[in-house]
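Take a look at the structure set out below.
The values are calculated or read from the model by the stated rules, or taken from the named source; none is laboratory data. Small disclaimer: the values here were computed from a predicted structure and weren't measured. Please note: Cβ atoms are built from the backbone with ideal geometry, for glycine as well, and neighbour counts cover all protein chains shown.
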Amino acid sequence: MPPPSIVRNIFSNWGSLLISVALSFVTAPIVVRSLGDTWYGLWGITMQFSGYLWLLDLGIRDSVVRYVAKNEAARDQDTLNAKVSVAIYLYAAISVATLLVGVVASQWGTNILKLEPELLPTARTVIMLTAVNMSITWLLNPFIGMLMGLQRYDLMNAVGVSVAVARFVGTVAVLTAGVGIIGLSILQIAATVVSAVATYVLCVRVMPAFRMAGLARSRRELGEVWRFSFYIVLNNLAAKIVFATDSIVIGSNLPVSAVTYFAIPSSLLQHLANGMRSMSQVFYPRSSSLEGANDKDGIRRLFLTGAKYAMLVGLSVAGVLLTLGADFIRLWIGSDYGAQGETVLTILTATSMLTFSHYTIYYVLLGVGRQRSMALLRVGEAALNLTLSLILVRRLGITGVAIGTAVPHVASMVFVLPFLTTRDVGVSLREYYTVVMLWPLLSVVPAVALGYTFHFFAPAQNFVVFCVQAAATAALFAGVAFGLVLTTTERRDVVARVSSLWKR
């Protein structure tokens with residue numbers, strides 16, 4: 001199993017994420033019913049607009065994480081200050097650029113949407129408010145990177161959970177007051193401001209020695225930061241095209257209301273993807289540490305073990321989503337949404353089940369400075385994704401967009417990525433496909449069979465029954481995986497840790 005420190009970090013991130021996801025599940029039906037299909041579709045598009053604005057990050061926060069961790073360990077406060085100051089200066093410029101992008105997008109970008117003319121002024125206002133929110137977010141980013149670099153996930157997550165709870169209460173209040181989509185947009189800005197102030201205060205307390213470096217000192221560090229960040233930028237750009245264009249493709253070719261029927265099942269997979277990132281990102285500093293110690297065998301073990309556990313964790317949830325996800329949407333949002341979104345959910349979930357390992361692979365490669373292969377592969381995937389989605393949306397509607405997303409993702413992450421990267425960490429293709437892919441996928445088959453039995457012969461009529469069925473499906477997978485996938489040593493380790501927790 002992964003070292004205890006990694007496990008603690010994973011559970012810290014997951015605790016925060018689970019609370020946020022639970023709040024989102026409660027909030028989503030309220031928002032859908034309050035806004036209606038058209039305005040909720042626009043809300044989904046603005047969220048993807050935010051996703052595109054994240055491309056302006058330029059990989060800077062990842063650089064902050066790396067250099068804070070490295071220089072804190074070396075007790076080189078001067079270099080640490082200079083590296084973080086570079087990020088602050090860059091983010092200030094990005095913040096201004098974001099506002100300019102918001103002006104352009106709000107005035108001319110809305111023309112591609114199939115909205116009634118009387119709705120355009122509100123759409124423009126919402127998009128501009130989204131840009132304002134992102135401009136504030138950029139000023140927060142270097143301080144989040146500092147907390148991550150110091151491995152103070154507890155503080156970072158405490159802020160995140162507190163703001164998420166406040167945002168939930170605010171959302172209910174705003175929609176109850178009938179303020180609508182503009183009120184929601186203003187609420188996002190208020191939550192970001194509170195988060196920024198709290199995070200800055202915590203950073204000052206945790207690292208009181210931090211001081212802003214002058215422009216001249218920071219400029220000398222810019223080249224190193226950029227060289228590290230370039231392929232992160234390229235990967236992020238391609239990833240946004242892969243995962244953040246669906247709503248725009250649908251909204252520009254079909255009625256905007258169709259976005260809702262895609263966005264709801266897609267959001268379930270997005271929550272799962274966020275959980276996988278929360279798990280996998282802790283392998284980033286770990287692999288850097290192993291590289292610094294020239295521990296090639298350690299990197300190899302981390303790669304295989306991390307990828308295998310990513311598959312197991314992802315499959316434990318995806319097996320439930322694949323078989324019972326439509327029932328969940330039916331109970332959660334309404335029967336129409338469950339029926340119309342089922343095909344999309346099936347395609348996207350099946351795709352994820354084959355590709356969970358790529359999250360760990362990316363962060364291990366990033367940690368050892370070999371992110372180039374992943375970035376270039378993402379570019380090819382993004383181009384094929386966009387091409388297929390634009391072709392298929394006109395023939396198959398939202399199902400075509402799901403297929404356009406699935407085919408390139410499976411081809412690149414299941415077949416091409418292992419071929420390009422396994423040799424770099426001393427893993428054979430045979431070992432990778434056997435340990436990481438074959439046994440985890442075989443172990444989920446009984447759970448899928450049980451889940452579909454529930455779905456077709458005893459569909460849940462309330463959340464209590466659904467939870468029982470989901471728990472039974474996940475438990476069956478866990479039991480089979482425990483015996484089929486884990487090694488003898490790993491099984492003993494699991495039993496020892498569970499026993500330790502039970503005694504507490």
*Residues in segment 172-199 that are crowded, with 16+ Cβ neighbours inside 10 Å, in contact (Cβ under 8 Å) with a residue 60 or more places away in the chain and part of a helix (DSSP H, G or I): how many?*
6
*Is it the case that some residue within segment 389-403 is closer than 20 Å to LEU237 by Cβ, surrounded by fewer than 20 Cβ atoms within 10 Å (Cβ to Cβ) and out of contact with any Gly (no Cβ under 8 Å at 6 or more places or on another chain)?*
no
*asked:* Tell me whether segment 223-233 contains one or more residues that are among the aromatic types (Phe, Trp, Tyr), crowded, with 21+ Cβ neighbours inside 10 Å and either in the same structural domain as THR387 (by TED's automatic domain parsing) or modelled with pLDDT of 80 or more (or both).
replied: yes
*What are the residues in segment 356-387 that are surrounded by 23 or more Cβ atoms within 10 Å (Cβ to Cβ), polar (S, T, N, Q) and either within 19 Å of GLY404 (Cβ to Cβ) or touching a Pro at 6+ places or on another chain (Cβ under 6 Å) (or both), if any?*
ASN385
*Considering segment 145-155 alone, what residues qualify as being buried (at least 22 other Cβ atoms within 10 Å of the Cβ) and at pLDDT 80 or above?*
GLY145, MET146, LEU147, MET148
*Test PHE228 against the criterion of being in a helix (DSSP H, G or I), farther than 30 Å from LYS83 by Cα and in contact with a helix residue (DSSP H, G or I) (Cβ under 6 Å, 6 or more places away or on another chain), and give yes or no.*
no
*Single residue of segment 246-255 satisfying the filter (surrounded by 22 or more Cβ atoms within 10 Å (Cβ to Cβ) and in contact with a Phe, Trp or Tyr (Cβ under 9 Å, 6 or more places away or on another chain)) that is nearest to ARG378 (Cα to Cα)*: ASP246
*Provide a single number: the residues in segment 55-65 that are buried (at least 18 other Cβ atoms within 10 Å of the Cβ) and out of contact with any Pro (no Cβ under 8 Å at 6 or more places or on another chain).*
6
*Sort through TYR337, TYR309 and tell me the only one that's crowded, with 18+ Cβ neighbours inside 10 Å and at pLDDT below 85.*
TYR337
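Let's see how each residue does on (1) at pLDDT below 70; (2) over 19 Å from the mean Cα position of the chain (by Cα):
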{"position": "PRO3", "(1), (2)": "yes, yes"}
{"position": "ILE10", "(1), (2)": "no, no"}
{"position": "SER16", "(1), (2)": "no, no"}
{"position": "SER20", "(1), (2)": "no, no"}
{"position": "PHE25", "(1), (2)": "no, no"}
{"position": "VAL31", "(1), (2)": "no, yes"}
{"position": "TRP43", "(1), (2)": "no, no"}
{"position": "THR46", "(1), (2)": "no, no"}
{"position": "GLY51", "(1), (2)": "yes, no"}
*So which of PHE230, PHE210 is in contact (Cβ under 8 Å) with a residue 24 or more places away in the chain and more than 22 Å from the chain's Cα centre (by Cα)?*
PHE210
_Looking only at segment 291-303, count every residue that is touching a residue at least 12 places away in the same chain (Cβ under 8 Å) and surrounded by fewer than 21 Cβ atoms within 10 Å (Cβ to Cβ) and tell me the total._
4
*asked:* Against the conditions (1) assigned to a helix (DSSP H, G or I); (2) in the same structural domain as THR434 (by TED's automatic domain parsing); (3) farther than 28 Å from LEU17 by Cβ, where does MET276 fall short? Just the number, please.
replied: (3)
*Could you run through segment 369-423 and say how many residues are in contact (Cβ under 8 Å) with a residue 40 or more places away in the chain, under 27 Å from VAL436 (Cα atoms) and of a type in the set (Lys, Arg)?*
3
_Report every pair of residues separated by at least 6 positions or lying on different chains whose Cβ atoms are under 9 Å apart, first residue within segment 97-121 and closer than 20 Å to ALA258 by Cβ, second modelled with pLDDT of 70 or more and among the charged types (D, E, K, R)._
GLY109/ARG124; THR110/ARG124
*Taking the stated definitions as given, is VAL313 part of a helix (DSSP H, G or I), in contact with a Leu (Cβ under 6 Å, 6 or more places away or on another chain), touching a residue at least 40 places away in the same chain (Cβ under 8 Å) and of a type in the set (Val, Ile, Thr)?*
no
*Of the numbered conditions (1) farther than 25 Å from ALA22 by Cα; (2) not assigned by TED's automatic domain parsing to the domain that holds ARG394, LYS240 satisfies every one except a single condition; which is it?*
(1)
*Of all residues in segment 323-344, how many are touching a Ser or Thr at 6+ places or on another chain (Cβ under 7 Å) and of a type outside the set (A, V, I, L, M)?*
3
*Among the residues of segment 279-308, count how many are out of contact with any helix residue (DSSP H, G or I) (no Cβ under 6 Å at 6 or more places or on another chain) and not in a helix (DSSP H, G or I).*
3
